[in-house]
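The values are calculated or read from the model by the stated rules, or taken from the named source; none is laboratory data. Note that the structure is a prediction, hence the values are computed from the model and not measured. Cβ placement follows ideal geometry from the backbone for every residue including glycine, while neighbour counts extend to all protein chains displayed.
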There are 2 protein chains.
Amino acid sequence: MAGPAPGPIAGCGPRLRDGGQSASPLRQQVFEHVRAEGIATRSGITRALGISGGMVTQLTADLIQRGLLEEIADPPRDAGREGARGRPPTALRVVPGSGRVLGIKLSEDVHTAVVTDFAGVEHGTATRPSDHRPRELDELTEEVADLVAAARAEAGPAPLSAVGVGLAGMVDHADGTVAWSPFLARQGAPLKAALEDRLGLPVHLDNDVNMLTLAELWFGAGRCKADFAVVTIEQGVGMGLVLGNRLYRGARGMGLELGHTKVQLDGALCRCGRRGCLEAYVADYALLREAATALAPGSTAQMAPGDLLDRLFDEAKAGNRAAATIFRRAGRYLSLGLSNVVQLFDPELIILSGARMRYDYLYAEEVLAEMTAQALDDQRPPARVEIHAWGDLVWARGATALALSVETERLLGEVAP
Amino acid sequence: MAGPAPGPIAGCGPRLRDGGQSASPLRQQVFEHVRAEGIATRSGITRALGISGGMVTQLTADLIQRGLLEEIADPPRDAGREGARGRPPTALRVVPGSGRVLGIKLSEDVHTAVVTDFAGVEHGTATRPSDHRPRELDELTEEVADLVAAARAEAGPAPLSAVGVGLAGMVDHADGTVAWSPFLARQGAPLKAALEDRLGLPVHLDNDVNMLTLAELWFGAGRCKADFAVVTIEQGVGMGLVLGNRLYRGARGMGLELGHTKVQLDGALCRCGRRGCLEAYVADYALLREAATALAPGSTAQMAPGDLLDRLFDEAKAGNRAAATIFRRAGRYLSLGLSNVVQLFDPELIILSGARMRYDYLYAEEVLAEMTAQALDDQRPPARVEIHAWGDLVWARGATALALSVETERLLGEVAP
């Protein structure tokens, strides 16, 4: 039994690390607050961030001087309250066109790009057909370069500050490598470096679910929420988390692999080669494994996986009990996975997102009721669940949010990195 | 498919919430850094917190003026480097005896209290026998008051700033109520208010695992770590988490219920009344359920649960294969639970803690190897696991850390709550 030292203890060295959930610099918090609000007053910033009025004045002056914020007349809703006497109070907004970023979502059917300015206004988009082949790094780099050129052609000549790229897989945001992705033939590919070389622009990578989570935070159901979880069901099961208004990636940057949390010891075989992972019960390939058993013999030969899944779903809806039980079991496992999210993160809001949300067995009333029933009763309202089915363009907008967030953090950090 | 708004978006209201992982006020960060270091220089604070030297000068002056920090001559290790010419640089430390807090751990065998000052120096302890009966709120309040009186008698007359109390159960730290605890006969008991009434002091409650996690952060294996997880195995399975040097309680304050995450759909019955919870496979009561089957008929009649568990463990060690398989299965489920912690939080360090860690089947080599094998291979070193078996006094010290942390946060907050 090792007791603690009796008195003061020897030195620690620096205690704040970049990878942790340390706060963003105050300047960035002010900028992001104004960006999220659209139009914000200094007194609103004071209240929202809990810092002194003097500090807000100083920080906003700095942001105006850097050309990121500008003053405008405060909108009428406040005139009666604060501005009845004397000159109308001024408000702040992000300078329209103050800078541009490009966001990219790589996916199995189509790659998507979008150009926005710092205020979030869209200036151009582009798409290119894709497929799920693993590629060499060079080939993927060329695909991205082609997509970027197309989006820039539509958006016009204004220069880009940075590019954000999101893709499925295990992406190390901090060092810009991809430990594993369905799009890359080799593990550990230095995709960020390769793209920066090819594009001549700063590139920021992340996994696609983190990007979608940023899109929810900046533009979607998570806007104005300090803390929420996003769970996606597509080829796999993904999770994103916002804590204190910021994306949380796990202590070392590669957490939140909900799809590979185990829900059964020695359970069903997962694509990752292990057994009992949540996605081995919920993802497309898990449902497809039993499809042939549920459908008429011979009826499924040579169907594409997507068509087969649609067929299975239609039959389940039409009364095929074997087909229905496949979706029902997936729904029960999903409710179990969601109850684990509730139990560990205690979110007020879980956003269920992804193309497969159209299979409504996965989020039927009884799935959400079972999620609540599986979690401890702590005498509070249960976590709220919202369903979204967003297109790839929104994921790409999440990538712009990623690029903008990293760029402004760099620009506005009080200490150089 | 709901697209995002095309341009700037309407207002959000305040974006930072108390329950989230918002940063502590800078003054508190400075104070906590000095407290953790024991002795710290201003330049060390500048480096560690990433704020300007001017701001550090201002904040430390304020802390000195409030009587919390004092200047001392910098210890010799720095003299050659920085202070060779001119006067020796000054360092800072927490003023010894600058304030006192009392920490309490309520447990099934014994209640423990300890008095420390703000610098962490211990001034007195007390214990009182306990039991696992559910009590009325009045009775528990009197037990605590008796314990506090005994600890104060030993610590001397210096006044206390606050009391921290940790107990098993679902404790709402923010509002000071206990949704459920083995020590309380009624759900939702306003324990904080009752204790404040009785003691005439500010009281801060938390569940015992959060307290132990604070003890690890302030005094133990988590010192100098910005991010780590603590998993405890006792009557139940608990978890604590430090993110960015701060205790994380979940978005709404009652997360991290690892023991009640589900590891099997419709699995073993848990004390909570649900099925398939991790602790229904790992906690004491889970092991005891099968004990009678593994031991000689009649040999276990009228044994106390603790003795029975010891007997089961001894027999497993001595070659009773049925007894061994009980611990081995528990170990496999524990490895599964730990791999889920790795997958979701990606910690560098997991501290396994609790009295039951003496049953070494639970943390045998193969349990830790299986934890690593069950998690995705991301080409990085796996999470490190450390084993601690600490006594109740350390949990009580965690409660002092809780009291001190909340009190200084209140004292030093830049904006009044």
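One residue stands out in the range A:307-334 among those that are of a type in the set (Lys, Arg) and away from chain B (no Cβ under 14 Å): the one that is surrounded by the fewest Cβ atoms within 10 Å (Cβ to Cβ), namely A:Arg321. In the range A:335-344 there is no residue that is away from chain B (no Cβ under 12 Å), assigned to a helix (DSSP H, G or I) and buried (at least 21 other Cβ atoms within 10 Å of the Cβ).
Can you confirm whether A:Leu201 is in contact (Cβ under 8 Å) with a residue 40 or more places away in the chain, outside the structural domain of A:Ile350 (by TED's automatic domain parsing) and assigned to a loop (DSSP other than H, G, I, E, B)? Yes; evaluated as a whole, the condition is true for this residue.
Which of the residues spanning the range A:361-375 are at pLDDT 90 or above, surrounded by fewer than 21 Cβ atoms within 10 Å (Cβ to Cβ) and closer than 29 Å to A:Phe219 by Cα? Once the filter is applied, which keeps residues that are at pLDDT 90 or above, surrounded by fewer than 21 Cβ atoms within 10 Å (Cβ to Cβ) and closer than 29 Å to A:Phe219 by Cα, the range A:361-375 yields A:Ala369, A:Thr372. Please go through the range B:214-231 and pick out each residue that is at pLDDT below 90 and of a type outside the set (A, V, I, L, M). If the condition is that a residue be at pLDDT below 90 and of a type outside the set (A, V, I, L, M), then B:Glu216, B:Trp218, B:Phe219, B:Gly220, B:Gly222, B:Arg223, B:Cys224, B:Lys225 are the ones that fit. Of all the residues in the range A:40-50, those that are at the interface with chain B (Cβ under 7 Å from one of its Cβ atoms) and at negative phi number 3.
In the range B:110-122, the qualifying residues are those that are within 13 Å of B:Leu393 (Cα to Cα) and of a type outside the set (D, E, K, R), and the one that is surrounded by the fewest Cβ atoms within 10 Å (Cβ to Cβ) is B:Val110. Does any residue of the range B:254-269 turn out to be of a type in the set (Val, Ile, Thr), within 30 Å of A:Arg380 (Cα to Cα) and part of a strand (DSSP E or B)? Taking every residue of the range B:254-269 in turn, none turns out to be of a type in the set (Val, Ile, Thr), within 30 Å of A:Arg380 (Cα to Cα) and part of a strand (DSSP E or B). Scanning the range A:276-298 for residues that are surrounded by fewer than 20 Cβ atoms within 10 Å (Cβ to Cβ), in contact (Cβ under 8 Å) with a residue 12 or more places away in the chain and not in a helix (DSSP H, G or I) yields a total of 2. A:Asp109 satisfies every condition listed in (1) at pLDDT 90 or above; (2) of a type outside the set (S, T, N, Q); (3) assigned by TED's automatic domain parsing to the domain that holds A:Leu184 except (1).
When A:Ala399, A:Ala403 are checked against the criterion of being outside the structural domain of A:Glu234 (by TED's automatic domain parsing) and in contact with a Lys or Arg (Cβ under 7 Å, 6 or more places away or on another chain), a single residue qualifies: A:Ala399.
When each of B:Gly19, B:Gly54, B:Gly38, B:Gly44 is tested for being touching an Asp or Glu at 6+ places or on another chain (Cβ under 8 Å) and either of a type in the set (Lys, Arg) or at pLDDT 80 or above (or both), the lone residue that passes is B:Gly44.
Scan the range A:176-192 and give yes if some residue there is at negative phi, in contact (Cβ under 8 Å) with a residue 60 or more places away in the chain and crowded, with 22+ Cβ neighbours inside 10 Å, otherwise no. Yes, there is a match, as at least one residue in the range A:176-192 is at negative phi, in contact (Cβ under 8 Å) with a residue 60 or more places away in the chain and crowded, with 22+ Cβ neighbours inside 10 Å. With respect to the conditions (1) part of a helix (DSSP H, G or I); (2) out of contact with any helix residue (DSSP H, G or I) (no Cβ under 6 Å at 6 or more places or on another chain), B:Gly319 falls short on a single one, namely (1). Scanning the range A:376-391 for residues that are more than 8 Å from every other protein chain (Cβ to nearest Cβ) and either buried (at least 20 other Cβ atoms within 10 Å of the Cβ) or within 11 Å of the chain's Cα centre (by Cα) (or both) gives a single hit, A:Ala383.
Considering the range A:284-306, and only residues there that are within 26 Å of B:Thr261 (Cβ to Cβ) and at pLDDT below 90, the residue that is farthest from the other protein chains (Cβ to nearest Cβ) turns out to be A:Asp284.
Only residues that are aromatic (Phe, Trp, Tyr), within 22 Å of B:Asp346 (Cβ to Cβ) and in contact with a Pro (Cβ under 7 Å, 6 or more places away or on another chain) were counted in the range B:207-260, giving 1. B:Ile350 fulfils the conditions (1) assigned to a helix (DSSP H, G or I); (2) touching an Asp or Glu at 6+ places or on another chain (Cβ under 9 Å) except for a single criterion, (1).
Could you list, in sequence order, the residues of the range B:244-271 that are within 26 Å of A:Arg328 (Cα to Cα) and surrounded by fewer than 19 Cβ atoms within 10 Å (Cβ to Cβ)? The answer is B:Leu265, B:Asp266, B:Ala268, B:Leu269.
Of all residue pairs spaced 6 or more apart or on separate chains, those with beta-carbon atoms under 6 Å, a first member in the range B:89-112 that is in a loop (DSSP other than H, G, I, E, B) and a second member that is of a type in the set (A, V, I, L, M) are B:Pro96/B:Ala119; B:Ser98/B:Leu68; B:Leu106/B:Leu167.
Within the range B:114-134, is there a residue that is modelled with pLDDT under 95 and basic (Lys, Arg)? Yes, the range B:114-134 contains a residue that is modelled with pLDDT under 95 and basic (Lys, Arg). Number of residues in the range A:221-239 that are assigned to a loop (DSSP other than H, G, I, E, B), more than 7 Å from chain B (Cβ to nearest Cβ) and not small (Gly, Ala, Ser): the value is 3. Taken together, A:Val178, A:Val163, A:Val242, A:Val171 contain a single residue that is hydrophobic (A, V, I, L, M, F, W, C) and either outside any strand (DSSP E or B) or outside the structural domain of A:Asp138 (by TED's automatic domain parsing) (or both), which is A:Val242. Contact map, the range A:61-72: residues that are assigned by TED's automatic domain parsing to the domain that holds A:Arg42 paired with residues that are assigned to a helix (DSSP H, G or I) and hydroxyl-bearing (Ser, Thr, Tyr), Cβ distance under 9 Å, separation 6+ or inter-chain. Pairs shown: A:Leu68/A:Thr408; A:Leu69/A:Thr60; A:Glu71/A:Thr60. Tallying residues that are in contact (Cβ under 8 Å) with a residue 60 or more places away in the chain and more than 22 Å from the chain's Cα centre (by Cα) within the range B:249-275 yields 1. Looking at this structure, is B:Val101 in contact with a Ser or Thr (Cβ under 8 Å, 6 or more places away or on another chain), at pLDDT 80 or above and within 12 Å of chain A (Cβ to nearest Cβ)? No, not satisfied.
The residues of the range B:364-388 that are among the basic types (Lys, Arg) and touching a Pro at 6+ places or on another chain (Cβ under 9 Å) amount to a single one, B:Arg384.
Residues in the range B:162-175 that are surrounded by fewer than 21 Cβ atoms within 10 Å (Cβ to Cβ) and closer than 15 Å to B:Gly200 by Cα: 0 in all.
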